[in-house]
Amino acid sequence: MPSPASAPAIDVVGLRKSFGDNEVLKGVTFDVGRGEIFALLGSNGAGKTTTVNICSTLLRPDAGTASLSGHDVVARPEEVRRAISLTGQFAAVDEVLTGRENLELIARLRRVPGPRTVATGLLAQFGLTDAADRRAATYSGGMKRRLDIAMSLVGSPEIIFLDEPTTGLDPEARIEVWRTVKGLASSGTTILLTTQYLEEAEQLADRIAILHGGTIIANGTLSELKTMFPPAKVEYVEKQPTLEEIFLAIIGTKEAN
Amino acid sequence: MLRDTSTLTGRLMKQILRSPDTIITVAITPIAIFLLFRYVFGGAIETGGANYTNYLLPGILLITIASSVAYTALRIFNDTSKGITARLGTMPISRSAVLWSHVLTSLVSNAVTAVLVVGIAFAMGFRPEASVLDWLAALGVLTLFTLALTWMSVIPGLTATTMEGAGAFSYPLIFLPFLSSAFAPTESMPGPVRWFAENQPVTSVVETLRALFEGRPAGDEIWVALAWIAGVGGLCYVLALRTYRRKV
């Protein structure tokens, strides 16, 4: 058994999980190096959240193993929980509390010294200083998500799970969150990110694995993945003008006259 | 575990303090029923000469507790649907602290509502003859009753798929005192109804509280009441923990 220090941050081997007759994971294997940003790409229902829930000790696998920072999720959930932090599909913030109170709550539970100082630092890092003492219920979707990610960083866990961090956000908020995640990469934190969007994986991840039909069908860097697929084809498609183009064309002819 | 529980209870108490209307909302319906029976129907109900406010208070308190624990289910549902329960489940904290914080919050908010209802009862002519020991015994029975119903509320809180579904379990509980000796003596009820009323848990709890408030010996009734509370509460506690382990 590798010592925790030299083990990969995440090591998943042959993971299987069924819900009733529905076999969601049929032997999922991948590993994530320390400090790497790894994207699990897949459509809705591909098993991304199931994989994250097993890795974060919320679900027990039917078969296979998952080790986080060298600790087995089934045998040593306590050690795993010390090493990880989960940002789930919905922003898990207490909307009645202020942004600061949410951060201080997590700091107290994680036994981090100086909860107030920690909160102040994270609020500044995530551009929430002005909103610090407002209830989270008044935050925009993007702000809630940023607070949510900030809460995951309290106590500097080694590994962070981001389960569909931008689903349900408008394009502007999505770019906000991308910027935040890119910022985390430089701090050396290992990130496992799930997404339905190829663009998001391209933007953020060092390595991308495609989860389909309960197994990983491709795994590699973006350029490696590109060589596995047929070269881009050029096709000519007749394009209908948009309303805007029609409008501009009419205006243009009128002005020419 | 104590430290995690108190941190998490602090969070929930902040929620309640910031929307104190929930405490008022919980008390309004029971107080309305109280007034209705005392001043509208009460004159027509024959209770054998007892002070009807004294007679009503135990049942009204139980209805208050039943409507209050619905809010515990709603708070747990809210935490679960927003992912807060999952987040806490992946943190290095005591496993039982998460549920105990909700249960303690329920006890505290129920205590506040109960004081409010008893205060109103005094204004309506509640005249107890209880000794200090009787009061302590009544407080103990009410606390255990609240504890049992709160553990019951944890189960729909964790499993419900809608907000309405989470609170729905409390409707039959609120209705149960009407099919007991809480408002009228069971002797006046027709056969099957009377049989149900005399053998369901609320009647024994009501009779126990009534005896304690009036300074009468509660007799066997208190043991029947405690057995019901321990049985239902114990079962709900085990089921709630199992549900939590399955979900988180």
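The values are calculated or read from the model by the stated rules, or taken from the named source; none is laboratory data. Since this is a predicted model, take the numbers as computed values, not measurements. Counting neighbours? That spans all protein chains shown, and the Cβs are built from the backbone with ideal geometry, glycine included.
The table below gives the values:
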{"read-out": "Selection from region A:223-247 of residues that are over 26 Å from A:Val181 (Cβ atoms) and surrounded by 11 or more Cβ atoms within 10 Å (Cβ to Cβ)", "value": "A:Glu245, A:Ile246, A:Phe247"}
{"read-out": "Some residue of region A:54-63 being among the acidic types (Asp, Glu), in contact with a strand residue (DSSP E or B) (Cβ under 9 Å, 6 or more places away or on another chain) and surrounded by 16 or more Cβ atoms within 10 Å (Cβ to Cβ)", "value": "no"}
{"read-out": "Complete set of residues in region B:126-140 that are surrounded by fewer than 21 Cβ atoms within 10 Å (Cβ to Cβ), in a helix (DSSP H, G or I) and hydrophobic (A, V, I, L, M, F, W, C)", "value": "B:Val132, B:Leu133, B:Trp135, B:Leu136, B:Ala137, B:Leu139"}
{"read-out": "Hits in region B:199-236 (condition: of a type in the set (D, E, K, R) and exposed (fewer than 15 other Cβ atoms within 10 Å of the Cβ))", "value": "B:Arg216, B:Asp220"}
{"read-out": "Single residue of A:Gly214, A:Gly188, A:Gly220 found to be loosely packed, with under 14 Cβ neighbours inside 10 Å and of a type in the set (Gly, Ala, Ser)", "value": "A:Gly188"}
{"read-out": "Residue among B:Ala97, B:Ala86, B:Ala73, B:Ala66 that is in contact with a strand residue (DSSP E or B) (Cβ under 8 Å, 6 or more places away or on another chain) and at pLDDT 90 or above", "value": "B:Ala86"}
{"read-out": "Single unsatisfied condition, A:Leu192 versus (1) under 20 Å from A:Val52 (Cβ atoms); (2) part of a helix (DSSP H, G or I)", "value": "(2)"}
{"read-out": "Every pair of residues 6+ apart whose Cβ atoms lie under 6 Å, when the first sits in region B:15-31 and is within 14 Å of chain A (Cβ to nearest Cβ) while the second is surrounded by 12 or more Cβ atoms within 10 Å (Cβ to Cβ) and modelled with pLDDT of 90 or more", "value": "B:Gln15/A:Val96; B:Ile16/B:Ser109; B:Arg18/A:Val96; B:Thr22/B:Tyr71"}
{"read-out": "Where B:Met91 falls short, out of the listed (1) hydrophobic (A, V, I, L, M, F, W, C); (2) in a loop (DSSP other than H, G, I, E, B); (3) more than 30 Å from A:Ser85 (Cβ to Cβ); (4) free of Cβ contacts under 8 Å to residues at least 12 places away in the same chain", "value": "(3)"}
{"read-out": "Residue among B:Gly42, B:Gly59, B:Gly48 that alone is assigned to a helix (DSSP H, G or I) and surrounded by fewer than 22 Cβ atoms within 10 Å (Cβ to Cβ)", "value": "B:Gly42"}
{"read-out": "Tally of residues being surrounded by 19 or more Cβ atoms within 10 Å (Cβ to Cβ) and within 14 Å of chain A (Cβ to nearest Cβ) across region B:84-125", "value": "14"}
{"read-out": "Test: residue in region B:68-76 that is more than 14 Å from chain A (Cβ to nearest Cβ), within 19 Å of the chain's Cα centre (by Cα), assigned to a helix (DSSP H, G or I) and not aliphatic (A, V, I, L, M)", "value": "yes"}
{"read-out": "Extreme residue, farthest from the other protein chains (Cβ to nearest Cβ), among residues of region A:102-119 that are assigned to a helix (DSSP H, G or I) and either of a type in the set (Lys, Arg) or without any contact (Cβ under 8 Å) to a residue 12 or more places away in the chain (or both)", "value": "A:Thr117"}
{"read-out": "Residue that is within 14 Å of another protein chain (Cβ to nearest Cβ) and among the charged types (D, E, K, R), where the choices are A:Arg60, A:Arg34", "value": "A:Arg60"}
{"read-out": "Residue match in region A:125-138 (condition: facing chain B (nearest Cβ under 7 Å), part of a loop (DSSP other than H, G, I, E, B) and buried (at least 19 other Cβ atoms within 10 Å of the Cβ))", "value": "no"}
{"read-out": "Residue in region A:228-235 that is within 25 Å of the chain's Cα centre (by Cα) and either of a type in the set (Lys, Arg) or not in a loop (DSSP other than H, G, I, E, B) (or both) present", "value": "yes"}
{"read-out": "Restricting region A:139-157 to residues that are under 17 Å from A:Lys182 (Cα atoms) and either among the polar types (S, T, N, Q) or surrounded by fewer than 17 Cβ atoms within 10 Å (Cβ to Cβ) (or both), the residue that is farthest from the other protein chains (Cβ to nearest Cβ)", "value": "A:Ser156"}
{"read-out": "Some residue of region A:126-133 being under 23 Å from A:Thr49 (Cβ atoms) and of a type in the set (Phe, Trp, Tyr)", "value": "no"}
{"read-out": "Within region A:203-217, tally of residues that are touching a residue at least 60 places away in the same chain (Cβ under 8 Å), part of a strand (DSSP E or B) and of a type in the set (A, V, I, L, M)", "value": "5"}
{"read-out": "Number of positions in region A:77-98 that are among the β-branched types (Val, Ile, Thr), part of a helix (DSSP H, G or I) and either at the interface with chain B (Cβ under 7 Å from one of its Cβ atoms) or surrounded by fewer than 21 Cβ atoms within 10 Å (Cβ to Cβ) (or both)", "value": "0"}
{"read-out": "Residue among A:Val74, A:Val24 that is more than 11 Å from chain B (Cβ to nearest Cβ), closer than 19 Å to B:Ser96 by Cα and not charged (D, E, K, R)", "value": "A:Val74"}
